[in-house]
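Data block below; observations after.
The values are calculated or read from the model by the stated rules, or taken from the named source; none is laboratory data. Note that the coordinates shown come from a computational prediction; the quantities given were computed from them, not determined experimentally. Methodologically, a virtual Cβ is constructed for each residue, glycine included, from the backbone with ideal geometry; neighbour enumeration extends over all protein chains shown. Heavy atoms of the whole protein, side chains included, go into the accessibility calculation; ligands, DNA and RNA do not. Shrake-Rupley method; radii C 1.70, N 1.55, O 1.52, S 1.80 Å.
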Amino acid sequence: MAFDKDGTLIDFEKTWLPGLLSVAVELVDLHALDVDAADLTRAAGGDPEAWTIAPGTLLAQGTALEVASLWRSLAPGLPSPDILADWLDDYWLDHASRNLTPVCDLGTLFTALRSQDMRIAVVTNDAERGARDMIDRLGLGDLVDFVAGYDSGHAAKPAPDMIHAFLDASNLRASETVMVGDNLADMDAGRAAGCRATIGVLTGATPEAELTKISDFIIPDAGHLPTLLRRAL
């Protein structure tokens, strides 16, 4: 079973909004940029006035490197995308760690899944260290079999590469797993990998009406997964 992280295992709004919507301000101040922080935020998909992130945008489902490349093109005074992406990862990891809010009791959820002989992967467009930090902080290390981020050597979602790597490492077939996520990139990755099903959760940035169009199943949050598996899969 492959899980996205942010918006799927971790409440997107409570965990990520503070960092996502403040980072451009920090960058403008740090580098004395002649650009408006609000414009940088909006270009990546954030609305600093409404305090929202638009679904499908870089701040909702992209990688730090993608955000860094965009902002470097808009503000040449910023460091190179590689250097900036490392800084963004540090900044966001710090904010996420301080606001870490799981969507449910993940220990109970993962234990229930493992009791059914299921392998568990976390495949995220965050950095791998961000995923491992979450796993360590929540005491899930013994319950997670595979972890990959955008910087783990596999193409980021919506490419299926991280899921394929999980399947290879676990000696599983795609038809034996499902992809659980909160956005289009997750669902596209699951389908491209040939997963048995894609399951959308409503704890991310994608509204239910949009998620319904791109997912095989919808549940309120990951905690409802065992019930869905018993009834439908």
Select from segment 79-107 the residues that are polar (S, T, N, Q) and either surrounded by 14 or more Cβ atoms within 10 Å (Cβ to Cβ) or without any contact (Cβ under 8 Å) to a residue 60 or more places away in the chain (or both) and list them in ascending order. Ser80, Ser97, Asn99
Considering each residue of segment 34-65, count those that are in contact (Cβ under 8 Å) with a residue 24 or more places away in the chain, assigned to a helix (DSSP H, G or I) and of a type outside the set (A, V, I, L, M), and give that number. 2
Could you count how many residues in segment 108-126 are open to solvent by less than 40 Å² (accessible area, probe 1.4 Å) and not aliphatic (A, V, I, L, M)? 4
It is to be established whether one or more residues within segment 42-55 are within 18 Å of the chain's Cα centre (by Cα), hydroxyl-bearing (Ser, Thr, Tyr) and open to solvent by 50 Å² or more (accessible area, probe 1.4 Å). yes
What is the one condition in (1) open to solvent by 20 Å² or more (accessible area, probe 1.4 Å); (2) out of contact with any Gly (no Cβ under 9 Å at 6 or more places or on another chain); (3) over 30 Å from Ala197 (Cβ atoms); (4) part of a helix (DSSP H, G or I) that Leu70 does not satisfy? (2)
The listed residue being open to solvent by 10 Å² or more (accessible area, probe 1.4 Å), of a type in the set (Gly, Ala, Ser) and touching a His at 6+ places or on another chain (Cβ under 9 Å), out of Ala174, Ala209: Ala174
Going through Asp168, Asp161, Asp142, Asp136 one at a time, which residue ends up being under 17 Å from Gln116 (Cα atoms), out of contact with any Ser or Thr (no Cβ under 9 Å at 6 or more places or on another chain) and acidic (Asp, Glu)? Asp142
Can you list residue pairs whose Cβ atoms sit under 7 Å apart, with the first residue in segment 198-210 being assigned to a helix (DSSP H, G or I) and the second being of a type outside the set (Gly, Ala, Ser) and modelled with pLDDT of 95 or more? Count only pairs 6 or more apart in sequence or on different chains. Glu208/Leu202; Glu208/Ile218
